[in-house]
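Have a look at the structure below before the remarks.
The values are calculated or read from the model by the stated rules, or taken from the named source; none is laboratory data. Since the structure is predicted, the reported quantities are computational estimates derived from the model, not experimental observations. Positions of Cβ are backbone-derived with ideal geometry, glycine not excepted, and every protein chain shown enters the neighbour counts. Heads up: the accessible areas ignore ligands, DNA and RNA and are worked out on the full protein's heavy atoms, side chains in. Shrake-Rupley method; radii C 1.70, N 1.55, O 1.52, S 1.80 Å.
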Amino acid sequence: MSDSAIDAEPGTVYLVGSGPGDPELLTVKAKRLLEAADVVLHDKLPGPEIIDQLPEARREDVGKRAGGERTPQSEINERLVELAREGKSVVRLKGGDSFVFGRGGEEAEYLAAHEIPFEVVPAVTSAIAAPAVAGIPVTHRDHASSVSFVTGHEDPTKDESAVDWEALAATGGTIVVLMGVGRLPDYTKALREAGMAPETPVALIERGTWPGQQVATGTLETIVDVRDEEGISPPAVTVIGDVAGTRESIVDFLRTDYGATEGEE
């Protein structure tokens with residue numbers, strides 16, 4: 001593929017996933033587009049090392065604002081259209097993969113409805129990468145032949161929840177919850193009430209592939225206390241299932257990108 005084949009075209013929006021946060025896990029195409037784009041609209045999840053590489057004059061933070069407020073999705077949609085109509089090449093940069101709980105599909109529909117050309121640039125999703133760098137495979141021939149990805153933003157106690165925790169408890173596979181640190185007590189309780197064994201292994205991976213990565217493990221019954229004791233905070237990925245227990249057998253030999261085994265950090 002020639003360089004020109006993936007240059008950022010004027011008036012085009014690129015829905016780009018940044019991967020889990022390590023700049024070396026950006027795809028080649030994502031890196032090229034970030035360097036070529038006129039404007040990059042980003043939130044906080046791409047990670048500081050990636051965001052800091054972008055010149056301030058070419059980036060707009062459309063994530064969390066001071067005081068805990070967030071840029072409404074409607075404003076982001078309108079801004080993408082506005083910039084494209086000005087003839088700019090625009091990268092909408094998201095953490096992980098933009099089509100995995102990243103609202104990339106909503107933005108694609110909005111752009112199409114307003115006749116704005118766009119391209120999707122897939123990425124390594126943190127739902128798989130964060131557990132992997134912590135030594136946890138989301139599938140394993142001996143432990144899990146299926147995996148379910150769930151958003152933790154929904155409250156499992158509300159009537160209108162789209163997440164069927166009882167069905168998930170019955171699958172027998174791995175459950176990976178994104179954005180679920182705050183509601184960990186709710187959905188672990190829901191899974192236990194649905195019949196999942198209290199001793200089921202659970203792992204929390206905070207800031208997977210970031211310099212501040214932290215991993216905490218426990219069971220469906222103990223993980224809330226572990227979270228509080230270890231000070232796990234967002235962004236973090238929760239892994240529920242027997243695969244979370246495999247980490248213990250390999251962690252002493254697991255090397256990270258930071259030059260040490262986890263046991264030495």
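A few comments on the model shown:
- What a 1.4 Å probe finds exposed on the chain is 48% carbon and sulfur by accessible area, rounded to a whole percent.
- Normalised by residue number, the volume inside the convex hull of the Cα atoms of segment 79-166 is 146 Å³ per residue.
- Overall form of segment 114-259: rounded. Here a/c, set by the Cα gyration tensor axes a ≥ b ≥ c, is under 1.5.
- Put simply, the C-alpha atoms of segment 151-233 give a gyration tensor, and the ellipsoid matching it has half-axes of 22, 14, 12 Å, longest first.
- Residue (of A57, H143, G21) at the positive-pole extreme of segment 1-148, dipole from beta-carbon charges: H143
- Per residue value of the accessible surface for the chain (all protein chains in place, 1.4 Å probe), Å²: 49
- Gyration tensor (alpha-carbon) shape descriptor, segment 11-110, a/c threshold 1.5: rounded
- Each peptide in 74-87, 172-185, 120-133 gets a packing score, the mean of other Cβ atoms within 10 Å over its residues, and the list from highest to lowest is 120-133, 172-185, 74-87.
- Comparing mean-square fluctuations of S249, S89, S18 from a GNM of the chain with C-alpha springs under 10 Å, the top value falls on S249.
- Per-residue ellipticity at 222 nm, computed for the chain from helices alone with -39500 (n - 2.57) per DSSP H run of at least four residues, works out to -7500 deg cm²/dmol.
- Semi-axes of the equivalent ellipsoid for the chain, computed as √(5λ) from the eigenvalues of its C-alpha gyration tensor and ordered from largest down, come to 34, 21, 16 Å.
- Charge dipole (segment 92-226, unit charges on Cβ, about Cα centre) - positive-most of G182, L93, L111: L93
- Gain on full stretching of the segment that runs from D225 to A113 - 0.36 nm per residue minus C-alpha separation: 35.6 nm
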